[in-house]
Amino acid sequence: MTDVAAWRGIAAEKVDDVSAPLAALLRRRSRLLLADLLRPHRRGVAWTLGAIVVASLAALAGPWLVGLAIDKGIPPIVSSGDGTTLAWIAAGFAVTVGVQAVATRSFVTMTGRVGQSVVLELRRRVFWHMLRLPVAFHESYTSGRVISRQTSDIEAISALF
């Protein structure tokens with residue numbers, strides 16, 4: 001069993017190297033926390049993943065359509081002067097560019113919304129956790145050190161989103 005002080009963050013602050021079992025425990029707890037924070041935003045995360053897939057497929061369609069235009073659109077123009085096929089391929093290319101733009105904008109917007117909401121909830125949890133800590137903790141750590149640690153950690157997570 002792991003020492004309780006080691007995983008609460010107090011002892012780990014005084015240690016330069018974290019042991020493998022403690023690192024595994026912290027990774028598992030971080031994943032559980034992330035899952036708990038994202039649970040209310042399942043629909044937004046699903047829309048974000050869908051937007052990523054649609055934007056990627058639209059981006060991949062561009063080179064394919066260019067190849068199609070070279071292989072199927074240019075020969076009719078050269079042989080008979082008929083540019084209908086090339087016009088349809090160009091229209092399809094324009095549609096894929098539009099779809100990619102809309103999907104990318106949707107991805108960025110949803111990521112920002114979900115990310116800000118998760119960071120807000122994380123800030124609330126940290127605040128309430130700090131209020132529940134015993135007075136002995138607040139006596140052993142200076143308020144500047146605690147606030148600096150909270151601010152830098154939350155800003156790092158915010159930058160991730």
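The values are calculated or read from the model by the stated rules, or taken from the named source; none is laboratory data. All figures in this text were calculated on a predicted structure; none of them were measured in a lab. Here the Cβ is made from the backbone with ideal geometry for all residues, glycine too, and neighbour counts use every protein chain on show. When the accessible area is computed, the model is the full protein with side chains, heavy atoms only, and any ligands, DNA or RNA have been set aside. Shrake-Rupley method; radii C 1.70, N 1.55, O 1.52, S 1.80 Å.
Considering segment 125-144, and only residues there that are modelled with pLDDT of 80 or more and among the aromatic types (Phe, Trp, Tyr), the residue that is farthest from Gly44 (Cα to Cα) turns out to be Phe137. With the structure loaded, tell me whether Ala59 is under 29 Å from Ile157 (Cβ atoms), open to solvent by less than 60 Å² (accessible area, probe 1.4 Å) and modelled with pLDDT of 90 or more or whether it fails that test. So Ala59 passes the test. Pairing each residue of segment 50-72 that is touching a residue at least 12 places away in the same chain (Cβ under 8 Å) and under 10 Å from Ile89 (Cβ atoms) with any residue that is open to solvent by less than 30 Å² (accessible area, probe 1.4 Å) and in a helix (DSSP H, G or I), provided the two are 6+ apart or on different chains, yields C-beta distances under 6 Å for Leu65/Ile89; Leu65/Gly92; Leu68/Ile89; Ala69/Ile89. For first residues located in segment 129-143 and under 25 Å from Leu33 (Cα atoms) and touching a residue at least 24 places away in the same chain (Cβ under 8 Å), partners that are among the aliphatic types (A, V, I, L, M) and not in a loop (DSSP other than H, G, I, E, B) and lie 6+ apart or on another chain with Cβ distances below 8 Å form the pairs Phe137/Ile10.
The single condition among (1) in a helix (DSSP H, G or I); (2) exposed (fewer than 15 other Cβ atoms within 10 Å of the Cβ) that Asp82 does not satisfy is (1). When the residues of segment 33-55 are filtered to those that are within 14 Å of Gly115 (Cα to Cα) and among the small types (Gly, Ala, Ser), the one that is least open to solvent (accessible area, probe 1.4 Å) is Gly44.
You will find that of Ile77, Ile147, the residue that is at pLDDT below 95, under 26 Å from Ser30 (Cα atoms) and open to solvent by 60 Å² or more (accessible area, probe 1.4 Å) is Ile147 and no other.
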